[in-house]
1. Along Cα→Cβ, 7 Å out, is where each label goes; now give me the distance between the ones at residue 309 and residue 110 in nm to one decimal.
2. Suppose all protein chains stay in the model; what accessible area per residue would a 1.4 Å probe give for the chain, in Å²?
3. If each of residue 233 and residue 139 carries a label point 7 Å out from its Cα toward its Cβ, how far apart are those two points in nm?
4. Cβ neighbours within 10 Å, averaged per peptide: list 149-157, 61-69, 258-266 in order, most packed at the top.
5. In terms of the ratio Rg/(2.2 N^0.38 Å) built on C-alpha atoms, what value belongs to the chain?
6. Report the semi-axes of the equivalent ellipsoid for the stretch 146-237 in whole Å, largest first, where each axis is √(5λ) for an eigenvalue λ of the Cα gyration tensor.
7. Can you give the translational diffusion coefficient of the stretch 74-116 in µm²/s, computed by Stokes-Einstein from the Kirkwood radius over Cα pairs at 37 °C and 0.692 mPa s?
8. Hey, what angle do you get for helix 19-33 against the long axis of the chain, alpha-carbon based, 0 to 90 degrees rounded to 10?
Amino acid sequence: MDDYEKIMEKDLELRGVSRRDFLKYIGILGAMTGLSESAILKSLAQAAEKGGSGKLPVVWLNGQDCTGCTISLTGSLNPPVASLILDKLSIRYHETIMAASGEVAESAYQDALKKGGYLLVVEGSIPEADDRFCMIGGRPFKKIVQEAAGKASMILAVGACASFGGIPAASPSRGMGVKKLLPEKTVINLSTCPVHPEHLVGTIVQILTTGKAPELDDNGRPKIFFGPVVHENCKRRQNFDDSKFLKDWNDPAQKDYCLFEKGCKGPNTNSDCPVRLWNDKTNFCIDCGAGCQGCAEPTFYGQMTPLFTSEGEVSKKILAKKQAGLISVKG
Ligand code: SF4
């Protein structure tokens with residue numbers, strides 16, 4: 001057992017996490033982030049040694065959202081080994097999960113703002129049409145995000161809404177993502193709807209370990225999570241190539257057919273959902289017969305509609321590419 005593992009030993013005991021499970025999880029995080037296991041262990045051990053002062057402060061703001069990303073975060077607290085990573089954060093302000101409210105909550109926020117150097121996490125979109133669509137404590141959410149971004153060491157947009165506007169982008173408020181509001185800043189977009197807990201934990205580990213953002217694609221998403229399109233790793237892919245498209249959900253003979261004609265946007269959506277899976281590796285949209293709705297893409301939700309037919313703009317592009325034999329190339 002090396003020094004870093006020894007330092008973590010107390011933490012493991014307290015949470016009832018076996019050393020074996022912990023090291024297995026570190027191995028997964030290493031593979032996920034491309035970081036060495038010893039570098040991850042070292043950064044976690046350093047934070048554990050320093051106690052409260054070693055924790056990365058976090059300010060989490062909620063705008064036009066459904067709180068699904070917060071639910072995803074709290075879901076990742078189980079198994080306890082993931083909570084061991086998230087415990088290296090000091091969440092100073094989070095309207096949904098903090099015990100404080102009113103003036104006490106506001107003063108916690110102001111205190112964090114004064115000190116600066118926090119990780120700013122934004123959940124939910126920002127209204128572009130009119131500030132009055134999202135006001136907090138009598139102030140426009142847009143102003144709050146601009147103010148908090150000024151003193152942040154890193155900015156994370158979690159979920160489709162904070163990344164690119166999401167469903168509220170198609171509403172009268174014309175919700176926009178953080179990067180659109182702050183074009184001069186580096187914003188890490190974890191754009192699935194909701195955020196995948198492992199995308200969040202993996203990105204946090206990357207920041208804790210290297211102090212830097214992971215490598216991002218042209219849409220500001222970490223390449224490690226948003227590489228190949230869903231279609232490339234889909235179990236139904238052979239049926240797409242053979243043009244066996246599901247037409248009737250009630251017909252057992254079609255149960256494994258490709259869902260393209262039921263609106264699947266997998267060929268146009270970069271995400272590792274088919275390999276990472278959801279709900280503690282249980283399944284994901286396509287595995288339970290729903291088709292990919294392209295939630296990780298900047299064009300979600302407006303251009304992905306209609307969701308359950310292949311009559312929309314994006315579906316027509318996919319079909320044209322299939323016909324031209326270009327389907328692996330995303331457009
Ligand atoms: Fe899978 Fe959708 Fe591609 Fe069909 S279109 S193979 S269901 S990703």
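The values are calculated or read from the model by the stated rules, or taken from the named source; none is laboratory data. If you're wondering where the values come from, they're calculated on a predicted model, not measured in any experiment. Don't worry about glycine lacking a Cβ; one is built from the backbone with ideal geometry, like all the others, and counts go over all protein chains shown. Just the protein is used for accessible areas: all its heavy atoms, side chains included, with ligands, DNA and RNA removed. Shrake-Rupley method; radii C 1.70, N 1.55, O 1.52, S 1.80 Å.
1. Computed distance between label sites residue 309 and residue 110 equals 5.5 nm.
2. Details: 15310 Å² over 331 residues.
Ligands and nucleic acids excluded, the result is 46 Å² per residue.
3. That separation, rounded to one decimal, is 4.1 nm.
4. In descending order of packing, they fall as 258-266, 61-69, 149-157.
5. Working: Rg = 21.0 Å, N = 331, 2.2 N^0.38 = 20.0 Å.
Its radius of gyration relative to the 2.2 N^0.38 Å reference: 1.05.
6. On the way: eigenvalues 99, 78, 21 Å².
Each semi-axis is √(5λ); the values are 22, 20, 10 Å.
7. Values: Rh = 11.7 Å.
Translational D for this selection: 281 µm²/s.
8. Between helix and principal axis, roughly 60 degrees.
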